[in-house]
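Shown next, in structure tokens, is the structure this report addresses.
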Amino acid sequence: DAGVIQSPRHEVTEMGQEVTLRCKPISGHDYLFWYRQTMMRGLELLIYFNNNVPIDDSGMPEDRFSAKMPNASFSTLKIQPSEPRDSAVYFCASSFGPEKGLWNYGYTFGSGTRLTVV
Amino acid sequence: AQKVTQAQTEISVVEKEDVTLDCVYETRDTTYYLFWYKQPPSGELVFLIRRNSFDEQNEISGRYSWNFQKSTSSFNFTITASQVVDSAVYFCALTPALNIAGGTSYGKLTFGQGTILTVHP
């Protein structure tokens, strides 16, 4: 398996522009997570999906952020409009859930997208 | 609420020294998972180990070992005979294992702040 695939690896954009980050989870995994890593706040969960349905988006910082999972093999995280404080590394992760057996549970992270908003 | 504390912000050792990274956690859940991840300079998050709360056996994998003590809510990580390639940021993390009735806490992987390990030749 190719693992969790994120694109792009790096994104530089100007303040006010729309940014879309993409993620392809591991085939068969039924949970997908979006995390953000910054120096100030560390690694924080933004939103997660189960079977393509958003379960908890309480970590999404504000209305400028939105996430979708139109099918089991693709998810997007969109920021519109982007601001310099959104600069961070955004990670996508996927996993089996305990419904498939607790022993299967574990996260696999993508390589991340480094976003810089200038 | 869950909390993971890695009190050591930075550790610096010389190659071949043993080093222990501390992790203390707080949770009200009776069933949970603990993880260690490694983040090398290249930036990806590499899974090292998962431990279930009902399994307190310690584990050894090559030069790595983990000591899980439920009584003290600790899940410490030891690298024996450290090498330069071990230089990275190490994260301890925690998540409930099952859905809490009426809640959505399952899946929320809470990370510690990380420990920067530098191994000098």
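The values are calculated or read from the model by the stated rules, or taken from the named source; none is laboratory data. All values reported here derive from a predicted model rather than from experimental measurement. Ideal geometry is used to build each Cβ from the backbone, glycine not excepted, and the neighbour counts take in all protein chains shown. Protein only, heavy atoms only, side chains kept; ligands, DNA and RNA dropped before computing areas. Shrake-Rupley method; radii C 1.70, N 1.55, O 1.52, S 1.80 Å.
Here the ratio of the Cα radius of gyration of segment B:1-47 to 2.2 N^0.38 Å is 1.45. The simple spin-label model puts a point 7 Å past each Cα toward its Cβ; for B:VAL13 and A:ILE5 those points are separated by 3.8 nm.
For trypsin sites (Lys or Arg not before Pro), the sites in segment A:37-118 that DSSP calls loop and that have at most 15 other Cβ atoms within 10 Å are A:ARG41, A:ARG64.
Farthest towards the positive end of the charge dipole of the protein assembly as shown, among the residues A:PRO84, A:GLN6, A:THR113, is the Cα of A:GLN6, using unit charges on the Cβ of Lys, Arg, Asp and Glu. Surface composition of chain B: carbon plus sulfur atoms contribute 51% of the solvent-accessible area (1.4 Å probe, protein chains only, all chains present). For chain A, with all protein chains in place and a probe radius of 1.4 Å, 51% of the accessible heavy-atom surface sits on carbon or sulfur.
Local charge for B:PHE35 was computed over the other residues whose Cβ lies under 9 Å away, with Lys and Arg +1 and Asp and Glu -1, and equals +2. Using only alpha carbon pairs under 8 Å that are at least six residues apart, calculate the relative contact order of chain B and give it in whole percent. Relative CO of chain B lands at 37 percent.
What is the log10 of I(q)/I(0) for segment A:38-118, computed with the Debye formula using one identical point scatterer on each Cα and no solvent, at q = 0.12, 0.13 Å⁻¹? Debye curve over Cα of segment A:38-118, log10 I(q)/I(0) at q = 0.12, 0.13 Å⁻¹: -0.39, -0.46. At a probe radius of 1.4 angstrom, the accessible area of the protein assembly as shown per residue rounds to 48 square angstrom.
The accessible-area loss of segment A:34-71 on complex formation, taken against its chain alone with a 1.4 Å probe, reaches 50 Å² or more at A:LEU43, A:TYR48. Using Cα springs under 10 Å in a Gaussian network model of chain A, which residue among A:GLU62, A:GLU83, A:GLU44 shows the largest mean-square fluctuation? Top of the fluctuation ranking is A:GLU62.
Expressed as a whole percent, the proportion of Cα-Cα pairs in chain B lying more than 24 Å apart is 25%. Tell me whether the protein assembly as shown comes out rounded, prolate or oblate; compute the Cα gyration tensor, take square roots of the eigenvalues as a ≥ b ≥ c, and use a/c under 1.5 as the rounded threshold. Oblate shape, in that a/c is at least 1.5 and b/c is the bigger or equal ratio. Between chain B and chain A, roughly 2000 Å² of accessible surface gets buried, counting both sides and using a 1.4 Å probe. Each of B:ASP55 and A:MET39 was given a label point 7 Å from its Cα along the Cα-to-Cβ line. The distance between the two points is 3.9 nm.
GNM on chain A, alpha-carbon springs under 10 angstrom: the most fluctuating residue among A:PHE91, A:PHE33, A:PHE74 is A:PHE74. Segment B:1-73 and segment A:21-79 have Cα centres separated by 25 Å.
Is segment A:1-88 rounded, prolate or oblate when judged by the Cα gyration tensor, a ≥ b ≥ c being the square roots of its eigenvalues, rounded requiring a/c under 1.5 and prolate requiring a/b larger than b/c? Prolate is the answer for segment A:1-88, as a/c is 1.5 or above and a/b outweighs b/c.
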